[in-house]
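First up is the structure itself, then whatever we jot down about it.
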Amino acid sequence: MMKLCQRIYVHSVDFEDNFIFNGLTGSIDLANSKIAKFLKSKDMSMIDNLEKEEIDELIKSGYLIEEGSNISEKFVYDTYIKSLGDRYENNYFVICPTLDCNLCCPYCFEHSFADKKAILDDDKLDRLFDFILERIKENPKQSTIELFGGEPLLKENYDIVQKIFEFANINHIDMIITTNGTQLTEFLDLFDEYKDILKKIQVTLDGDKSTHDKRRIFKDGSGSFDIILENAEKILDMGIDTDMRVNIDKSNIGNIEEMVNDVIDDSDLLMYDNFSYYFSTVTDHHNLDNENMVDEADLAIALDKLNLVEKGSFPLLGYLVDSITKVNGSRLPSFSNCEANSIYNYIITPDGNVFNCPEAIQNDNYKTWSFYPETRKYSFENKGFYQNILTDESRKDCNKCNIALLCGGGCVLVKNNKAQSGHFCKMQKKAVDKYLNYLRGKLALC
Ligand code: SF4
Ligand code: SF4
């Protein structure tokens, strides 16, 4: 008995060559109109229209699955979990010492946060450290603390950062810092003292100097480009792994080439083995129709035209991009969209609460724990969190979705919002379609 794979995405059916993508095997193929129509119809009776060689090809590439074949959704899920190894169960503590920031970038989702004055004072820190040790005791796996914010490296918060480093060091916890990079020179002595546990610092640049200085601005309106670049070189000189994230939206997507030429190629950054950079779209999960946003297809296309697609971060298109660029390399489907879906992910706010998602920290419905004034666990069942996107009861629409293994179930926050959920799925499919459309045009030119 033969059946059709449920994770096939058929881009078009009318051309001589049509893209078909098999989410289960990660294979992307060209199919004639007859085959594409059969796959799209999901109607097994149409198989009679195909030649024996065509059927054999479809079996070989996992589009048609024979009874007893090991290409099954369970097999792919088990392989995925196995490939993650311990990473699946590691503890990840994202500590926000404050939600305050010395920059005021126009696209930042944290502008709306009401209480920016709260900080992790000594009393809260003691309770937080107890909380972290209790969680590690419950799940004795590798643990990482990421400093996040607001801006975690504000000079007035030096003592807090120092205490977190001391705590991490004593307890063999790795540290990562996500910072705007403007005041990090105030912390160089700590980076030096704790360099064994400091695994990475991520800073952000938003383009060449003129683009960046319109976006990542100090409160007096001045730009932060020069100081960030200067500071990035200081930590690179110390041998610290430094990742540069470039946020892309409508206002700078046309400047990627200038950014790469002026900033990356013409500076000394590429001379450092410990330097890397990547491009990521700015997202607004509270307003999907935000007009300044670009989708992942726009970014993938812009980067592809510069032969830089491997420098993009693609939560949605990553599996597809990898299927095209890493023909013989390893690639993984997405059974989850983001770290918010892990029960071992703890976003810790300076007022003593814990969440799974950094964008949900103003919404008590998403609170998973509090550690101050007392430790308390909250139930967050039925909030759209899931284990396996293909089988979880709470995600019936995803169970049968043909791009599920690209999308991984999407943003939990958006999917919980009934008014936005359907719109979000349409946007995901539109982005997949747009990217395949671009590839089809490229192929036609070859
Ligand atoms: S969130 Fe929407 S697009 Fe994503 S897997 Fe679920 S149904 Fe499909
Ligand atoms: S749930 Fe949505 S907003 Fe939260 S981390 Fe995931 S993608 Fe981001």
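Note on SER379 and LEU443: their simple-model spin labels are 5.0 nm apart, each label 7 Å out from Cα toward Cβ. For the stretch 258-331, trypsin sites (Lys or Arg not before Pro) meeting the loop criterion (DSSP other than H, G, I, E, B) and having at most 14 other Cβ atoms within 10 Å: LYS326. Label reach from SER210 (point 7 Å along Cα→C-beta): in the stretch 230-271, amide nitrogens under 17 Å belong to 251-264.
Assuming charge only on the beta carbon of Lys and Arg (+1) and of Asp and Glu (-1), the dipole of the stretch 318-446 about its Cα centre is about 660 debye to the nearest 20. If you filter the stretch 127-191 for trypsin sites (Lys or Arg not before Pro), then keep DSSP loop positions with at most 15 other Cβ within 10 Å, what is left? The qualifying sites are LYS141.
Placing +1 on the Cβ of every Lys and Arg and -1 on the Cβ of every Asp and Glu, with nothing else charged, gives the chain a dipole about its Cα centre of roughly 1740 debye.
Distance between the modelled labels on LYS400 and ASP226, one decimal in nanometres: 6.1 nm (7 Å Cα→Cβ projection). In plain terms, the chain from ASN139 to GLN6 could stretch by 44.3 nm, reckoned as 0.36 nm per residue minus the Cα-Cα distance. Footprinting exposure proxy ranking of LYS195, LYS426, fewest other C-beta atoms within 10 angstrom first, gives LYS426, LYS195. Among HIS212, HIS172, HIS286, a tally of other beta-carbon atoms within 10 Å of each Cβ gives an order, fewest to most, of HIS172, HIS286, HIS212. Exposed loop sites, defined as GluC sites (Glu not before Pro) outside DSSP H, G, I, E and B with at most 13 other Cβ atoms within 10 Å, are absent from the longest region of the chain, namely 68-290. Rounded to the nearest 10 degrees, the angle from helix 296-305 to the longest Cα principal axis of the chain is 80 degrees. At the listed q of 0.13 Å⁻¹, the Debye profile of the stretch 2-71, built from one uniform point per Cα, gives log10 I(q)/I(0) equal to -0.30.
Placing +1 on each Lys and Arg Cβ and -1 on each Asp and Glu Cβ, with no other charges, gives the stretch 159-241 a dipole about its Cα centre of roughly 380 debye. The separation of the stretch 47-99 from the stretch 382-428, counted between C-alpha centres, amounts to 17 Å. Quick check: the angle from helix 122-138's long axis to the longest principal axis of the chain, C-alpha only, nearest 10 degrees? Approximately 40 degrees, to the nearest ten. Relative to the longest principal axis of the Cα atoms of the chain, the long axis of helix 158-170 makes an angle of roughly 60 degrees. Between GLN162 and GLU310, the C-beta separation translates, for a Förster distance of 41 Å, into a calculated FRET efficiency of about 0.65. Taking 17 Å as the cut-off, the amide N atoms of the stretch 140-173 that come nearer than this to a point 7 Å along the Cα-to-beta-carbon line of ASN102 belong to 148-162. Exposure proxy for MET259, MET44, MET175: other Cβ atoms within 10 Å of each Cβ, ordered fewest to most, give MET44, MET259, MET175. The trypsin sites (Lys or Arg not before Pro) of the stretch 26-57 meeting both criteria, a DSSP state outside H, G, I, E and B (loop) and at most 14 other C-beta atoms within 10 angstrom of the site's C-beta, are LYS42. Every pair of different Cα atoms in the stretch 252-380 enters the Kirkwood calculation, which places the hydrodynamic radius at 17.8 Å. Checking the Cα-Cα distances for LYS74/LYS429; LYS199/LYS305; LYS155/LYS250; LYS200/LYS415; LYS124/LYS234 against a 30 Å cut-off, the pairs over it are LYS199/LYS305; LYS155/LYS250; LYS200/LYS415; LYS124/LYS234. Percent of Cα pairs in the chain per distance bin of 20 Å, from zero to the largest separation: 23, 54, 22, 2. Compared with the direct C-alpha span, the chain from ASP43 to SER267 gains 74.9 nm at full extension, assuming 0.36 nm per residue. Gyration tensor over the Cα atoms of the stretch 137-213: the corresponding equivalent ellipsoid has semi-axes (square roots of 5 times the eigenvalues, largest first) of 26, 15, 11 Å.
Under 28 Å of direct C-alpha separation, and excluding same-chain neighbours fewer than eight residues apart, LYS52 reaches these lysines: LYS3, LYS34, LYS37, LYS40, LYS42, LYS60.
No value in this document is a laboratory result; all are computed from the given coordinates. Since this is a predicted model, take the numbers as computed values, not measurements. We place every Cβ from the backbone using ideal geometry, glycine too, and count neighbours over all the protein chains shown.
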